[in-house]
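Asker: Dropping a structure here in structure tokens format, bear with me for questions.
The values are calculated or read from the model by the stated rules, or taken from the named source; none is laboratory data. Keep in mind the model is a prediction, meaning the values are calculated, not measured. Cβ: placed from backbone, ideal geometry, glycine included. Neighbour counts: every protein chain shown.
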Amino acid sequence: MTVAATPIAFVRAMVAAYERRGMNPSGALRQAQITPSDLRQPHGHITARQMEALSAAAMQELDDEALGAFSRRLPWGSYGMLARASLTAPTLGVALRRWCRHHALLANDIVLSVSVADAVATVAVDERASLGHIGPGGREFCLVHVLRNIHGLACWYVDSRIGLRQARFPFAAPPHAEAYPLLFPAPITFDAARAEIRFDADYLALPLRRDERALRQMLQRALPLTVLPYRRDRLLVQQVRQVLAAHPDQTHNADQVAALLATSARTLHRQLRQEGATLQALKDEVRRERAIELLQRTHKPVKQVAEATGFQNEKSFIRAFRQWTGTGPGAFRKRAGGGDF
């Protein structure tokens, strides 16, 4: 069943864009099957398909893919040009930074940026010029539209659902705030300093999985990217890390790890390669972090630390720890001031 979850307030923002241009939105509204009585509903909603139909018609009639949000129009095809300019990027991080840089060449009312801190990536929208000329509803719709657009494109580039950690907006919670967790499935913060979305920085290292042919097909119906979430998350690295940390005694080999992830060892290795990782490197990373934590914060003997980090004997643990840190676990613990063993 199709759920009507998109706030009618966003429709009113598009209607206002028509009015500012002295144009009539009735044709676009009719295509989307939105009636005048629908517009008068203070807390009404439309479906994703209606939003897609209305947006497509409005962008072409206004010849503005920003729907009147900026001081200059973004003619039909502008976002396709930005997508094409980023298509040759080796990773998602490079692609998104290119997108942000090129977007500033088209519209100087906002500045888009990508930053990373504490393993979290942030895509932010800083308002360089006031968006007040389009009213509070127009400003809200603009910021939502921009973030939904770049999030949808990022998912398309890597053919993966990119789970959000947080979405933040620089305005008070609107009457239709209950729709935001559907638009941005993550904890929502209003009255923030700026508009931004946050997600695991590991996604930025994923390679792009699209080519020119795929881009041409996508541009024929690009708008679903902003209204239909991806179902599959291709970021296997984080899942493997979690399994290794939670089951150190059941992840000695690829078959065991794959079984816990309900896949095959062959598929596991192939998907990790696609993400630029290997099982052994992830295993070393998780074991190293766990071993260092235990040596620094507990008094467990080295033999018990070895068992707790998934090693089958103390000697192999000591040998691995020397490779990781350049010193043995005993010397490391004394230098770090940890417990005696």
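Asker: Quick one: in the stretch 118-153, of everything that is in a strand (DSSP E or B) and more than 15 Å from the chain's Cα centre (by Cα), which residue is farthest from residue 185 (Cα to Cα)? Break it down into steps so the answer makes sense when it comes.
Answerer: Here is the first cut: in the stretch 118-153, the ones in a strand (DSSP E or B) are 120-127.
Subsequent filtering for residues that are more than 15 Å from the chain's Cα centre (by Cα) retains 126-127.
Working: 126: 22, 127: 24 Å.
Only one residue tops the list, namely 127.
Asker: Still on this structure: Which condition number in (1) in contact (Cβ under 8 Å) with a residue 40 or more places away in the chain; (2) surrounded by 14 or more Cβ atoms within 10 Å (Cβ to Cβ); (3) not in a loop (DSSP other than H, G, I, E, B) is the one that residue 258 fails?
Answerer: With (1) in contact (Cβ under 8 Å) with a residue 40 or more places away in the chain; (2) surrounded by 14 or more Cβ atoms within 10 Å (Cβ to Cβ); (3) not in a loop (DSSP other than H, G, I, E, B) applied to residue 258, the lone miss is (1).
Asker: Does the stretch 288-304 contain any residue that is at pLDDT 85 or above and either within 27 Å of residue 208 (Cβ to Cβ) or under 27 Å from the mean Cα position of the chain (by Cα) (or both)?
Answerer: Within the stretch 288-304, one or more residues are at pLDDT 85 or above and either within 27 Å of residue 208 (Cβ to Cβ) or under 27 Å from the mean Cα position of the chain (by Cα) (or both).
Asker: For the stretch 83-91, state whether one or more residues are in a helix (DSSP H, G or I), in contact (Cβ under 8 Å) with a residue 24 or more places away in the chain, within 20 Å of the chain's Cα centre (by Cα) and surrounded by 18 or more Cβ atoms within 10 Å (Cβ to Cβ).
Answerer: Yes, some residue in the stretch 83-91 is in a helix (DSSP H, G or I), in contact (Cβ under 8 Å) with a residue 24 or more places away in the chain, within 20 Å of the chain's Cα centre (by Cα) and surrounded by 18 or more Cβ atoms within 10 Å (Cβ to Cβ).
Asker: Which of the residues belonging to the stretch 17-62 are outside any helix (DSSP H, G or I), over 22 Å from residue 146 (Cβ atoms), free of Cβ contacts under 8 Å to residues at least 60 places away in the same chain and in contact with a helix residue (DSSP H, G or I) (Cβ under 8 Å, 6 or more places away or on another chain)?
Answerer: Passing the criteria: 23, 24, 33, 34, 35, 41, 44.
Asker: Right, another one. When you go through 321, 317, 311, 332 one by one, which is the residue that is touching a residue at least 12 places away in the same chain (Cβ under 8 Å), in a loop (DSSP other than H, G, I, E, B) and either buried (at least 19 other Cβ atoms within 10 Å of the Cβ) or assigned by TED's automatic domain parsing to the domain that holds residue 207 (or both)?
Answerer: Numbers: 321 fails: in a loop (DSSP other than H, G, I, E, B); 317 fails: in a loop (DSSP other than H, G, I, E, B); 332 fails: in a loop (DSSP other than H, G, I, E, B).
Result of the check over 321, 317, 311, 332: 311.
Asker: Restricting to the stretch 126-143, name every residue that is over 21 Å from residue 19 (Cα atoms) and either free of Cβ contacts under 8 Å to residues at least 40 places away in the same chain or buried (at least 16 other Cβ atoms within 10 Å of the Cβ) (or both).
Answerer: Pass one, the stretch 126-143, residues over 21 Å from residue 19 (Cα atoms): 126-129.
Of everything in the stretch 126-143, those that are over 21 Å from residue 19 (Cα atoms) and either free of Cβ contacts under 8 Å to residues at least 40 places away in the same chain or buried (at least 16 other Cβ atoms within 10 Å of the Cβ) (or both) turn out to be 127, 128.
Asker: Being under 18 Å from residue 96 (Cα atoms) and assigned to a strand (DSSP E or B), is that true of even one residue in the stretch 181-195? Please lay out each step first, then the result.
Answerer: Taking the stretch 181-195 as the starting set, the residues that turn out to be under 18 Å from residue 96 (Cα atoms) are 195.
Narrowing further to those that are assigned to a strand (DSSP E or B): 195.
Yes, the stretch 181-195 contains at least one residue that is under 18 Å from residue 96 (Cα atoms) and assigned to a strand (DSSP E or B).
Asker: Across the stretch 1-28, what is the total count of residues that are at negative phi and over 31 Å from the mean Cα position of the chain (by Cα)?
Answerer: Within the stretch 1-28, residues that are at negative phi and over 31 Å from the mean Cα position of the chain (by Cα) number 9.
Asker: Is it true that residue 192 is touching a strand residue (DSSP E or B) at 6+ places or on another chain (Cβ under 7 Å) and surrounded by fewer than 20 Cβ atoms within 10 Å (Cβ to Cβ)?
Answerer: yes
Asker: Follow-up. Given the condition touching a strand residue (DSSP E or B) at 6+ places or on another chain (Cβ under 7 Å), hydroxyl-bearing (Ser, Thr, Tyr) and either in a helix (DSSP H, G or I) or surrounded by fewer than 18 Cβ atoms within 10 Å (Cβ to Cβ) (or both), answer yes or no: does some residue in the stretch 63-73 qualify? Let's see the steps before the verdict.
Answerer: Here is the first cut: in the stretch 63-73, the residues touching a strand residue (DSSP E or B) at 6+ places or on another chain (Cβ under 7 Å) are none.
Taking every residue of the stretch 63-73 in turn, none turns out to be touching a strand residue (DSSP E or B) at 6+ places or on another chain (Cβ under 7 Å), hydroxyl-bearing (Ser, Thr, Tyr) and either in a helix (DSSP H, G or I) or surrounded by fewer than 18 Cβ atoms within 10 Å (Cβ to Cβ) (or both).
Asker: Within the stretch 154-173, restricting attention to residues that are surrounded by fewer than 19 Cβ atoms within 10 Å (Cβ to Cβ), at pLDDT below 95 and outside any strand (DSSP E or B), which residue is farthest from the chain's Cα centre (by Cα)?
Answerer: Selected residue: 159.
Asker: Considering the stretch 238-255 alone, what residues qualify as being in a helix (DSSP H, G or I) and under 15 Å from residue 266 (Cα atoms)?
Answerer: At the first step, the residues of the stretch 238-255 found to be in a helix (DSSP H, G or I) are 238-246, 248-250, 254-255.
240, 254, 255, listed by residue number.
Asker: For the stretch 33-55, which positions are among the charged types (D, E, K, R) and within 20 Å of residue 175 (Cα to Cα)?
Answerer: Pass one, the stretch 33-55, residues among the charged types (D, E, K, R): 38, 40, 49, 52.
Within the stretch 33-55, 38, 40 qualify.
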